[in-house]
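Structure, as structure tokens:
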Amino acid sequence: MGQIMALNKSITRLGKPGEQVAAIAKRPQGYFIMHLGGSTAQPILNGSNVGTQATSLKHGDIIEVGKGSV
């Protein structure tokens, strides 16, 4: 089981450098996740790859970064 994180910064980084890193950014339109890099596959959002573009988030989304989920 993963963890629940408070998003109280404009940018919250997830993951481990060199392995897989993603960021959640607060924008006027809401929260967005983006893949920042790493040697493993892209982060997963609700069972699908995040891709190379920022992807909007909604309450209850499940994010998998590296070997865990948030």
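Coordinate-derived values only; no laboratory data. Please read these numbers as outputs of a predicted model, since none were measured by experiment. Ideal geometry is used to build each Cβ from the backbone, glycine not excepted, and the neighbour counts take in all protein chains shown.
Numbers for the structure displayed
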{"quantity": "Linear extension gain, residue 27 paired with residue 41, 0.36 nm per residue minus alpha-carbon span", "calculated": "2.5 nm"}
{"quantity": "Neighbourhood charge, 12 Å Cβ-Cβ cut-off, centred on residue 57 and excluding it, Lys, Arg +1 and Asp, Glu -1", "calculated": "+2"}
{"quantity": "The chain, Cα convex hull volume normalised per residue, Å³", "calculated": "84"}
